[in-house]
Every structure is written in C-alpha cells, then in structure tokens.
Amino acid sequence: MKHTTIALLTLTAAAGSVRAADAPAPAFTTTGNLALTSDYVFRGISQTGGKLAIQGGFDLTKTPINGLTAGVWASSLTNGTEVDLYANYGFKIGAVDVSVGYIDYTYTAAKNGGEANIAATYAGLTLKASRGVTGTLSDYYYEANYSYDIAAVKGLNLGLHYGSDKASSKYDYAVALTYPVLGFDASVAYNKLEGAGSITAFTVKKSF
C-alpha cells in the first residue's frame, strides 16, 4: 500500500509537471521600480537643484524580449513633477540589438515635448541618437553608454556615459558604480557637463 501511494503521488506530480511545461508563456511581462536619489541629473544638468528626488516606473514588455515595450516613469522636481511616457520596438540584426522608440516628457511646471530615438547595443555598448519631434523639442542628442560587470567583485557594475547636444555643441559624461545592498541597487554617479560644475549623486533603487 505504501509503495502504491508513492507511485500515485509520483504519477500525479509528473502529470502536473507536464501540464506546467505545456502551459503557454505569458504574452507580456511587467516590471516596476522605485528609487530615491540625492540629485536627479539628466544629460549633465540637475533637475532638482541638488535636492532629493523620488522616482518610479512601470514597464510592460511583450515576450520574447525582441518586440514591443511600453512604460511610464515619473520623478519629483525642484518645482512640480516630470512624467515620461515611452514605447519602443526591439529586434536583432545579427548579434546587435536594435530598438526604435519614442518618449514624451510631460512637466507640471515647464513646457512639454517628445523625442524619437534609435539605439544599437552590442557587448555592453549602446549607441543612441535622439531627436526632438514634438512640443518644444527639436534638437539632436547623441550618446554612448557602456555597462560592464566587474568580475573581481560579484554584483559590482561599472556604467559609463558620454553625450553630445547638437544645438549647444556641449558634451556631458558620467561614471557610475552600482552594487546590490540588502535587496536594493545602490549607486554613486559622477556627472559632468562641459562648462559647468560636476555633480555626484547617490541613488538607491528597488526593482520588482
């Protein structure tokens, strides 16, 4: 009787495994994030005047990864709030990940605008071009971003950024280190805008 019970349990578990394996993968996945930063810096310029900012976002992604992604992201500002709505379509060209997208910037205390963008990523390096197409935005912004996981320290990531604004002919760059701490991603970033002072920002972020 004991062996029969074990056999029945085994068969039941096996049948459950087959049903789980046969279940179709979800068409979309969702992710979210919340963050607290000592200074919200965008393209080398502080958006909060050196004060704390609370930020958060939500993404909806079609699976597999190559496909449509849409989301919303918001941050507190010195005066008011910024809310970004964005969508992009990703696909592969050989070993290169390519995406084409649009982002709309909405402010409670400033003029709004939107940008179209195209990006290509290979081996941690992303090259991206953005152009303002709606509202007050009409400029081009070019950037290169590099992400590198430092093997000597598990979990430590180095992020590098360089950007150039066509209208002002100014460049900005940033160097950031990110490390997991108690379930959060803690980072410190050094930002520099040509002709302006540097900004060091500390950020704690939780993804879910």
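Matching residues to (1) farther than 26 Å from TYR89 by Cβ; (2) in contact (Cβ under 8 Å) with a residue 24 or more places away in the chain; (3) in contact with a helix residue (DSSP H, G or I) (Cβ under 6 Å, 6 or more places away or on another chain):
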site	(1), (2), (3)
ASN145	no, no, no
THR178	yes, no, no
VAL181	yes, no, no
SER198	yes, no, no
LYS206	yes, yes, no
> Would you say TYR146 is more than 29 Å from THR29 (Cα to Cα) and surrounded by 12 or more Cβ atoms within 10 Å (Cβ to Cβ)?
Replying inline: no
> Within the set of pairs 6 or more residues apart or between chains, which connect a residue that is under 25 Å from THR61 (Cβ atoms) and free of Cβ contacts under 8 Å to residues at least 60 places away in the same chain inside the stretch 25-51 to a residue that is in a strand (DSSP E or B) and hydrophobic (A, V, I, L, M, F, W, C) with Cβ atoms less than 8 Å apart?
Replying inline: PHE28/LEU60; THR29/LEU60; THR30/PHE58; THR30/LEU60
> Of the conditions (1) at pLDDT below 95; (2) surrounded by 14 or more Cβ atoms within 10 Å (Cβ to Cβ); (3) in contact with a Gly (Cβ under 8 Å, 6 or more places away or on another chain), ALA109 fails just one. Which one is it?
Replying inline: (2)
> Which one of THR78, THR48, THR29 is at pLDDT 90 or above, more than 27 Å from ARG131 (Cβ to Cβ) and surrounded by 12 or more Cβ atoms within 10 Å (Cβ to Cβ)?
Replying inline: THR29
>> Looking at (1) surrounded by 12 or more Cβ atoms within 10 Å (Cβ to Cβ); (2) in contact with a Gly (Cβ under 8 Å, 6 or more places away or on another chain), which one does PHE202 not meet, given that it meets all the others?
In response: (2)
>> Among the numbered criteria (1) in contact with a strand residue (DSSP E or B) (Cβ under 6 Å, 6 or more places away or on another chain); (2) surrounded by fewer than 13 Cβ atoms within 10 Å (Cβ to Cβ); (3) modelled with pLDDT of 95 or more; (4) not β-branched (Val, Ile, Thr), which one does PHE91 miss?
In response: (3)
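The values are calculated or read from the model by the stated rules, or taken from the named source; none is laboratory data. Remember, it's a predicted structure, so these values are computed and weren't measured experimentally. We place every Cβ from the backbone using ideal geometry, glycine too, and count neighbours over all the protein chains shown.
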